[in-house]
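Derivation of every value follows stated rules applied to the coordinates shown; laboratory data play no part. Note that this is a predicted model, so its numbers are computed, not measured. Here Cβ is always computed from backbone atoms with ideal geometry, including for glycine, and neighbour counts include all displayed protein chains.
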Amino acid sequence: MKLNEGWVPVGLSSSIEAGTSTGAIVEGSEIVVWRDNSGNAHAWEDRCPHRGMRLSFGFVRGDHIACLYHGWQYDTAGQCRYIPAHPTLDVPQTIKVPIYRVEEKHGIIWTTTATDSALPAADAAEITPVRSLYVDRPVDEVFLAFEQTGMTGIAANAGKLVSGDDTLFLAFQATTEGKTAVHIVLCGSAAVYGGAKQKHYAQWAEGLRFELEAAQPVAEVA
Ligand code: FES
């Protein structure tokens, strides 16, 4: 799914701490995902309007993100607020980074440029993160492989997998051509699902990745 087609997962919420940034790719579009010091997540085009440096290489200062190259600082609306080489300049409003909508649901950060799409629903109020899995196979193939393990698709890029008393929620992100990220969480609290269960499903997902990349038949979840 492309950014303008609906909500796309770009990472586990737990993977980005307050005051940090990282890069994500959706169907070839580069995105900076960052969290300000108040803990709010942001997703923008990963390109500084000055000379095009990736903002994901930059650093967060309070509610601004600063570009690594010449230090231009942008507020949470993407507006440039400070240019170190011209500290007294009233920065023109036209210097702005394209920003995207962001939601954090089911322990996952989602973003989109669409205005009227709904997030896939999960049953649980509490979530335990398992892992993000990066697979060198196209998203359709990866989605199908998870369906073969018993996952039920609940949206074009999300699914639910019930295994005994456990329920997994999975969100699929097409990154670059032929590559996919799968963000996996357990529905339920960390007090119940942290530790052994997390590890079990992280290892199962890793095994599935090996099978997929080796084009082996995939094993059902146990
Ligand atoms: S390229 Fe970002 S501040 Fe110059």
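Annotations for the structure displayed:
- Cβ-Cβ FRET estimate between ALA191 and GLU103, R0 fixed at 41 Å, reported to 0.05: 0.95
- Orphan Cys of the chain, criterion: no other Cys C-beta under 4.7 Å: CYS80, CYS187
- To the nearest ten degrees, helix 139-148 and the longest principal axis of the Cα atoms of the chain are 30 degrees apart.
- Taking each DSSP H run with n ≥ 4 as -39500 (n - 2.57) and averaging over every residue of the chain yields -4500 deg cm²/dmol at 222 nm.
- Cα-based reach from LYS96 at 30 Å (exclusive), listing lysines while leaving out same-chain residues under 8 positions away: LYS2, LYS105
- For region 148-218, applying the loop criterion from DSSP together with a ceiling of 10 other beta carbons within 10 Å to the GluC sites (Glu not before Pro) yields GLU177.
- A straight Cα-to-Cα reach below 13 Å connects LYS179 with the aspartates and glutamates GLU27, ASP136, ASP140, GLU141, GLU213, residues fewer than 8 places away in its own chain not being considered.
- Farthest positive-ward along region 116-221 dipole, Cα basis, beta-carbon charges - from THR176, GLN203, LEU161: GLN203
- Added length on full extension, which subtracts the Cα-Cα distance from 0.36 nm per residue, LYS96 to GLU5: 30.4 nm
- Taking label points 7 Å from Cα along the Cα-to-Cβ direction, ALA18 and HIS86 give a separation of 3.4 nm.
- Net charge of neighbours whose Cβ lies under 12 Å from the Cβ of ALA214, counting Lys and Arg as +1 and Asp and Glu as -1: -1
- Calculated SAXS-style log₁₀ I(q)/I(0) at q = 0.26 Å⁻¹ - region 144-222, Debye, Cα scatterers: -1.46
- Relative to the longest principal axis of the Cα atoms of the chain, helix 196-213 runs at roughly 90 degrees.
- Once C-alpha pairs closer than 8 Å and six or more residues apart are averaged by separation and normalised to the residue number of the chain, the relative contact order reads 20 percent.
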